[in-house]
Every structure is written in C-alpha cells, then in structure tokens.
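Derivation of every value follows stated rules applied to the coordinates shown; laboratory data play no part. Nothing here was measured: the structure is a model prediction, and the numbers come from that model. Cβ placement follows ideal geometry from the backbone for every residue including glycine, while neighbour counts extend to all protein chains displayed.
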Amino acid sequence: MSSRFVSVIAIVCGVVLCRSAERPAFATDINKAAPQCQADFPEAMDLIMHENNGVHTAPQSTSFQWVTCSIPRSPLAANATSGSFYVDGDNLGGASTTCWVSSYDYTGVLLGSTSFTTSLPHYDMLLTLPVAQLGVWAYTSLTCALPANANGLLRGVTVVQ
Amino acid sequence: MQIRHIRLWALIGALALSASFVAPAQADSINAAATECQPLSVPQHNVVHSWVGTGTDVNAPASVISCAVPRSPLSGAPGQGTFEVSAWIVTAGASISCTLYSYDYTGLFLGSVSFTLATATPTTQTPTMVSQQVSLPVTQLGYWAYTSMSCIVPANDSAFVTYVVSTL
C-alpha cells in the first residue's frame, strides 16, 4: 500500500519534472509599444512623430520614413525550434508598411532577418526566426518603412516564445 | 532496494515540484531605463537624453515626452498590474506629472492612470531619486496589450524620468 502510494507520487513528480524542463521560467513573452522607435536618419528626425499609442510619419513627410526599435527579449526555452514576433499597426488610405526583424549576435554578427509588407488597414503580422538565428545572447531589433503623410501608425512589437 | 529507489525518485520529484512553484514564470518583471523616451506628438529639440534618463535641456521650457513601457504578459496574473516609475529631481520643488496608458494590440484604448513624481516636501535636499508605484486592473492589461507613459518634464534641466519597472 505504502510503496504503491510512493510510486504514484514518484510518477506525478516525474511528469512535473518533465514539464518544468519543457518551459523554463526565463522564457517569457514581452510586449513593447512603439513610442520609443527612432528615426534611422538624422534628416528625418523632425518627420517622425511619437504618440502614446505608437509612431508615425509627420503630415508634411512626402515620402516613407525609416524607424528602428529595440526589441527586448528573453532567451528561448531549451526545446524551442523558433521564436516569433507580432508586429502591430495601421495603414490609412491604402498606404503600405514594410518591416523586418533582425537578429544580431552579441559579437555583432547578423544571424538572420525576416520581413513583411502589408497594406492591410489594421495589421497584426507574425514574423518567425529559427532558433539558430536567435541565440541566447542575441539582440533583436525592428526596422520599418512607415508610409508618408502620417498614413500609418506602428503600434508595437510582441516577442512570443 | 526497489522501494528505496522509488523513494529516492519521489524525493527528487518533490524537490523539482517545489522548485517549480518557487520560481514560476509570473515572477518576471521588466526594468526599463527611461533613456529612450521621445518628445510627444511634435518635434522638440529641448528634450535631452542622459545617463540618468530623459528631461529638458538647461534654459529649455517644459516638454511632454512619451516612453514605451515594456511588459511581460503572464498567465495566472493577480488582479492588477503594477508599475514603479522613478524620477531624478534636480531642483527642489520640481515635479513630473505622468499618465500611464494601456492599449490593446488593435489600438483600442483600455485604460490609464495618472500620477505625480515629486519629493515629499519642496525643501527636500536635492538632487534626489523619487519613486511612485501605480497599478492598472488586469481587465485593462490584456495579454497582448501595449503600455506606454507620457510625462511632462519640467523646464531647465530640473527633473528627469529615470526608469520604469513593470510587474504583473
């Protein structure tokens, strides 16, 4: 009776042990809004507007403008095969937004990048990089070409484990 | 012998179980320095970024800035999300007024909370660091929500937003 009980406990604990190895505590999702994104080029600094709900080009901007945002992330879980990023925003009047996520090793080596272009009025785009391009020590960033004349709002980026 | 073996595994399993409860995923907090805050809505060349955070330049007027507040959305969250915002008060009596916003990923406004960062008394010796803890109910912090914060930083280099910590 006693040994059966101990066996059951051992099995339950074994299952718990396996599950905890599946997703360690350090792997977590992170949502980051876009107000911190910066103009890529000095001459465009006054053509990028930061709002509480995102970033867009100035009304007087006659062409698309580049911005780059840091993407804080936590290392992938041990058994993960890829990492994903949701990029959210709006396009107005048929405008188009292009974005890509880049991953750099801490040494500065470009590990990989992935991109999308969309004209959807409200976009929620999923980008994925394989685990080989998202090392434990890798840094990630988001670069976007925002439509001219304030015709697009980049809301933010969420790292998904 | 076999029973001893099973007991040993039970002990190891129990320890693993305990450890998994001690450090659950919801323990994650995110500390963000406020050095990336940007002028809100219009170009403002009076806003400066320094090692201490974001504020105004010497001889510059008060300005409004916006800061991203990175957060980790986690299951099993408590009834509210807590944020701690800090400021470096350079000039006695200076203060910073802020509003923390939450927007769904669709752009829908979910909620906000306003607060002021100031020293306990205007005569407090400066410079000094002050902190304020604020919270939003979990209903205003959906899993995919983005949080940001706007602050009015006073003129003449007199106070800086330094960092924000999100805990959910």
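For the reader, a short list of remarks on this structure follows.
- Computed from backbone phi, the HN-Hα couplings of region A:89-102 come to x, 10, 10, 10, x, x, 5, 10, 10, 10, 9, 9, 9, 10 Hz, rounded to whole numbers (Karplus: 6.51 cos²θ - 1.76 cosθ + 1.60, θ = phi - 60°; Gly and Pro given as x).
- Loop-located chymotrypsin sites (Phe, Trp or Tyr not before Pro) in region A:84-128 (DSSP state other than H, G, I, E, B) with a sparse environment of at most 10 neighbouring Cβ atoms within 10 Å: A:Y106.
- For B:L110, the residues 5 or more places off, or on other chains, whose built amide H falls under 5 Å of its own are B:S102, B:Y103, B:D104.
- Listed residue (A:S84, A:P42, A:V67) projecting farthest to the positive dipole end of region A:26-160, Cβ model: A:S84
- With θ taken as phi - 60° and the Karplus curve 6.51 cos²θ - 1.76 cosθ + 1.60 applied, the whole-hertz 3J(HN,Hα) list for region A:38-48 is 10, 5, 6, 10, x, 5, 9, 4, 7, 9, 10 Hz, x standing for glycine and proline.
- Taken about its Cα centre, region A:26-160 carries a charge dipole of roughly 220 debye when the Cβ of each Lys and Arg holds +1 and the Cβ of each Asp and Glu holds -1.
- Residues with amide H under 5 Å from that of B:T56, placed H, sequence gap 5 or more: B:V48, B:D157, B:S158, B:A159
- For region B:137-146, 3J(HN,Hα) per residue [Karplus equation, 6.51 cos²θ - 1.76 cosθ + 1.60, θ = phi - 60°, Hz, x = Gly/Pro]: x, 4, 5, 9, 10, x, 4, 9, 6, 9
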